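The numbers here are math on the coordinates, done by the rules we state, and not lab data. Note that the coordinates shown come from a computational prediction; the quantities given were computed from them, not determined experimentally. Quick reminder, even Gly has a Cβ in these numbers, built from the backbone with ideal geometry, and neighbours come from all protein chains shown.
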Amino acid sequence: MSESPDIMLTLGRCDEMRAEVYLSPSAPTPHGARLEGLLIGPYRRQDLTLPMEARLEPMTDLPGRGVVSRVVLTEPAFWSPESPNLYRAAIRLEAAGMSPTTVDTGVGLRRLGVRGRSFWLDGRRWVPRAAALRGGADVAWAAETGIVATAPGDDLLSRADELGVAVVTLVESSELTGPRLAALSRHPAALMVIVVDGGRPDSLGGVAGEIRRAKGTMQIGIAVDAGLPVPAVPEGFDFMAVRLAADRLPHESWRRLPECPLVAWRHALALEPPSARAACTTLQRDLAAWAAAADGAHPVWDWAGYLVGTV
C-alpha cells in the first residue's frame with residue numbers, strides 16, 4: 001500500500017434510517033482526480049453482525065473541495081462512546097500523471113454539535129468528563145472517563161475509536177490547520193480540540209473556511225483563564241475551556257452566562273484511573289455550590305463539561 005493522504009469524512013443529511021456520507025482527501029488533488037471504492041461496516045468490538053458494503057459514487061470537483069465521493073448508507077450506525085460503531089473505507093485515488101493511491105482506514109459517523117450552551121452527541125445532550133492521560137497509560141482505563149492528551153498518536157486514537165473513549169486533544173495555535181484537524185477528525189473518538197496558548201487572534205481570518213471543512217463535527221475550543229473577567233468568544237470557536245487552578249473558583253464575572261458552551265478545566269497532577277471520575281464529580285459539585293452562593297439563590301447555570309488534570 002502506498003502512503004496515502006488523510007481522508008476527510010463529512011456527514012450530509014442523516015437520520016436513523018439514512019445517511020449521506022462524503023469522503024475527500026485532506027490534501028489538494030489535481031483537477032479530474034477520482035476517488036473510488038467501498039465503505040464497509042458497521043463493525044463494533046465483539047460484535048458478530050455481518051458488515052455491508054456500500055460503493056462510493058465519484059463526483060465532479062466541487063468548488064473549494066476538490067475531489068469528493070458520496071455514498072448513501074441505509075440504517076447507518078453512528079459512533080458514540082456507548083456504541084462505538086466503525087466503518088472501513090477501502091478506496092483508491094486516481095489522477096492523471098500520478099500513480100494510484102490506495103487508502104484503507106477506519107472511519108466513524110459522528111453526530112456532534114452545539115445547542116445553546118450544551119453539546120449534543122448522537123441526538124442526546126452530552127456532558128464530556130475527561131482526565132489527563134498519564135504517559136504510557138492505555139486508554140482502556142478511561143472507559144468511563146474520557147482522556148485529555150497532547151499530540152495523541154494514530155494508534156492511541158484508533159484504540160479510543162474501538163473502545164468508545166472520548167479524546168480531548170490539546171494543541172498550540174500554530175497547529176490549528178486544516179491538515180492537522182483532518183488527521184484528528186478522521187477518528188470519531190477525537191471529539192474535541194482545545195487551543196491552549198491563546199496565540200490565535202480573535203478571528204480565524206483566511207483559514208476559517210479550511211478549518212471548518214477539515215474539522216467536520218469535531219468541536220474546537222479555546223482555553224481561557226477563570227481568574228480573569230469573561231472574554232468575548234473568538235470567532236470560529238465552538239466553546240471555551242475555563243482553566244481553574246487547583247481548588248480555585250472562577251472570577252465573579254463568570255456568573256454571567258456567555259453565549260457558548262463552557263467546559264470547566266481544573267488543573268492538578270495527572271490522576272490515576274480510580275480518582276479521575278471522582279475528580280470530575282468534585283469539580284462539578286464545587287461549581288454548583290459556587291453558582292448557588294450568589295445571593296442565596298440558585299441561578300440558571302449549567303457547565304457543558306468537566307476536565308481535570310494537566311498533561
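Quick notes on this one:
- Maximal additional length on extending the residue 151-residue 122 stretch stands at 7.9 nm, based on 0.36 nm per residue less the C-alpha distance.
- Taking the Cα atoms of the chain, the ratio Rg/Rh between the radius of gyration and the Kirkwood radius comes to 0.99.
- Label-zone membership for region 4-31, site residue 52, 7 angstrom Cα→C-beta point, backbone N under 17 Å: 12-22
- Region 7-107 - convex hull of alpha carbons, volume per residue in Å³: 102
- For the chain, the longest principal axis of the Cα atoms and the long axis of helix 273-292 meet at an angle of about 60 degrees.
- Across the chain, C-alpha contacts under 8 Å between residues 6 or more apart give a mean separation that, scaled by the residue count, equals a relative contact order of 15 percent.
- Fully extending the segment from residue 288 to residue 235, taken as 0.36 nm per residue of separation minus the present Cα-Cα distance, adds 16.2 nm.
- Sum of -39500 (n - 2.57) over DSSP H runs of 4+, divided by residues of the chain (222 nm, nearest 500): -4500 deg cm²/dmol
- Between 92, 13, 125, the GNM of the chain built on Cα springs shorter than 10 angstrom shows 13 fluctuating the most.
- With K and R counted +1 and D and E -1, the other residues having a Cβ less than 13 Å from that of residue 112 yield a net charge of +4.
- Largest GNM mean-square fluctuation across 116, 37, 227, computed for the chain with C-alpha springs under 10 Å, falls on 116.
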